[in-house]
Structures are given as structure tokens and as C-alpha cells.
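Remarks on the structure that follows.
The values are calculated or read from the model by the stated rules, or taken from the named source; none is laboratory data. Predicted model only: the values in this text are computed from it and were never measured. Here the Cβ positions follow ideal geometry from the backbone for every residue, glycine too, while neighbour counts run over all protein chains shown.
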Amino acid sequence: MAANNAFVIVGASLAGAKAAQTLREEGFDGPVVLLGDENERPYERPPLSKGYLLGKDERDTVYVHPPQWYAEHDIDLRLGTTVTAVDPAGHEVTLADGSRIGYGKLLLTTGSSPRRLTVPGADLDGVLYLRRLADSDRLKQAFESASRIVVIGAGWIGLETAAAARAAGVEVTVLEMAELPLLRVLGREVAQVFADLHTDHGVDLRFGVQVAEITGADGRATGVLLADGSRITADAVIVGVGITPNTQLADAAGLEVDNGIRVDAHLRTSHPDIYAAGDVANAFHPLLGKHIRVEHWANAVNQPQVAAKAMLGRDAAYDRVP
């Protein structure tokens, strides 16, 4: 595809879908190509650890737009498509099959990935993470078959998956290095409220502990060994120890990267025709006067609207802190 006026969006996420929507709402009638490496059309992530995981929401409720929306708005949505390289000088992206797509403006909404454990046994079957829709499906299946699980990390993901597991009747132990859940985010008083709430619902919370190993048998996780030598048995182990921005494409392309893709107040990267938005963007905040990367649903909704307008030459700046 050699359309130099094409707007290409790498990352068929909530942010990518919102950017495509904004481009059309702002009157852009040129080619818009939305590339995603999953086989699912863009969806929202909060339900994956909340309503959908709990079984309260149907699968269709997680998607940003109905399936026909993309064709109706002339959005070239390509799923199961991995971008392997960005060429800023040539204004092209390269796909895994070797083909290339030219662009006039490029938006990176590549998001983040779960931080992986590096302890022995971390690669065993039954060690689960939650970031994608398929991950949420795997957790739901685990809750149906498991009688006991261990959750490593008492952040938002850890606590929400623990709550969903308890709702499914599974015994849950949560392991956390800090004194309380979400202590740095909420402060001691509110963190204690969260701890008490989960304890009241039957969650075994263990603080000030360190995981030494995930134990296993026949290639599958059977529990956790702590640094103090104690063992906890489990049918599955869920890991929620944070996320890291997916900056590999930007880094290889020579864009400025610093705890995310560094962008200005208009979401423009160090290359004038490349923008970034969502979890992957470390944005300059004009009101705070500094760069900040915030992992929040609101950024995935609002930043792409600013980026799309800026790509169209509008005087748009991002000045929200979720």
C-alpha cells in the first residue's frame, strides 16, 4: 500500500479505536488503517477484571464498536497483524509477513504488557496473567476447575482477580511484599479498608512476603514457595505485579523513549509525523510542566482524541491527569 496520505494506527486497542473514530468525526476522509496483533476487534480492558471476569457482562459488551462500525466508517481494520518495524525516514511500517504500509501520519497505541516474574517455575503451565481478552477467558476457565489459587501482587489486578475467584467459590491466597494492598496509591488508611474488605470476603492476605519459586509437577504449577521456606498449594497462580509499556517498535525506530514513548503536549513523538497515545505514551503535561505516564482508562479514551486532532493539524493539547 503506497498511500502517502494514509493515517496508520499501530495498536487495535481502545486508544486506537478512539483515534480512528476521532479522525472520521473531525472530517478526515483519507485512508485510515488500524493494525492489531490480536484476533479480536478493539475492546476495553476494565471489564476483563470486573464484569466480564465475574460473569456479569456478556462478551459483546467489552468491544468499543460493533463489528460493522469499521466498514461503515471506511476503517481498514486488520486483525492478527503484527507490525515488526517502523521506518520514520521512509514513512512505512513493516508487517510480519514482510509487506509494508506507507503512511503520512503514524499513531502508536501499542499499550503495555504484564511484568513477568523471573523466579524459578514462572514459565509453568497454570501461571496466569491478565491483560488481554484471551487472558480473562483463561482465568474464567481456571476458576471453574480450581479449588484453590494463589495471587501474587495486591495491586488492582491482583485484588480484582481475587474477588472474582472468591465469587466463583475458589479459595484465594494473595501474596504481597508491601505492608498493605495498594499502599503507595491509596495511603495507609484507605489501603487498610481494602485489606479488611477482602479479608471479610474470605481472602487469605499475606503481607511482607517474597516469592522464591513457583512449584510444579509434570510441567504445571502446584503452588508457591516463599523466601521464608513456607509453601502454599494451588491449582493455579495468578501474577499481577505491574505492567511495562510496549516501546520496542519506537525504540528500534530511534524515537525518544523514557518510561514510555516520550511525546509533547500534542502527543507528538521526537519524529514530527509519529504520535503516541495511551499507556505507552509518556506525555508532557502543560499544566504540570513535566512529562508523566499514567496507566489509566481515561488516558486511553482522551489522549487519542487529542492525538488525532493534532495529526490533522489542529491546535490540540492534552492537559488531563486521571
Practice item. Please state which of the following conditions V237 fails to meet, knowing it meets all the rest: (1) buried (at least 21 other Cβ atoms within 10 Å of the Cβ); (2) touching a helix residue (DSSP H, G or I) at 6+ places or on another chain (Cβ under 9 Å). Key: (2)
**Study point:** Enumerated helices (runs of 4 or more DSSP H) restricted to segment 126-208, each holding at least 3 residues that are over 14 Å from I238 (Cβ atoms)
**Key:** 133-145, 183-186, 188-200
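In segment 115-141, which residue that is of a type outside the set (D, E, K, R) and closer than 30 Å to E92 by Cβ is surrounded by the fewest Cβ atoms within 10 Å (Cβ to Cβ)?
Filtering segment 115-141 down to residues of a type outside the set (D, E, K, R) leaves 117-122, 124, 126-130, 133-134, 136, 139, 141.
Now restrict to residues that are closer than 30 Å to E92 by Cβ: 133-134.
Values: L133: 19, A134: 12.
Step by step, filter segment 115-141, then rank; the result is A134.
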Exercise for review: Considering only segment 246-322, give the strands (runs of 3 or more DSSP E) lying wholly within it that have at least 3 residues that are modelled with pLDDT of 95 or more, in contact with a Lys or Arg (Cβ under 9 Å, 6 or more places away or on another chain) and not charged (D, E, K, R).
Suggested key: 274-276
**Study point:** Contacts under 6 angstrom Cβ, first residue in segment 207-236 being of a type in the set (V, I, T), partner part of a strand (DSSP E or B) and surrounded by fewer than 17 Cβ atoms within 10 Å (Cβ to Cβ), 6 or more apart
**Key:** V209/L226
Review point. Are any of the residues in segment 203-214 within 25 Å of L183 (Cβ to Cβ), out of contact with any Leu (no Cβ under 7 Å at 6 or more places or on another chain) and small (G, A, S)?
Key: yes
Practice item. Would you check if there is a residue in segment 294-308 being of a type in the set (F, W, Y), under 23 Å from the mean Cα position of the chain (by Cα), buried (at least 19 other Cβ atoms within 10 Å of the Cβ) and not assigned by TED's automatic domain parsing to the domain that holds V203? Key: no
Review point. What about V224, is it farther than 30 Å from V172 by Cα and among the hydrophobic types (A, V, I, L, M, F, W, C)?
Key: no
Exercise for review: Give the residues of segment 209-222 that are surrounded by fewer than 20 Cβ atoms within 10 Å (Cβ to Cβ), part of a strand (DSSP E or B) and in contact with a strand residue (DSSP E or B) (Cβ under 7 Å, 6 or more places away or on another chain), sorted by residue number.
Suggested key: A212, E213, T215, G216, R220, T222
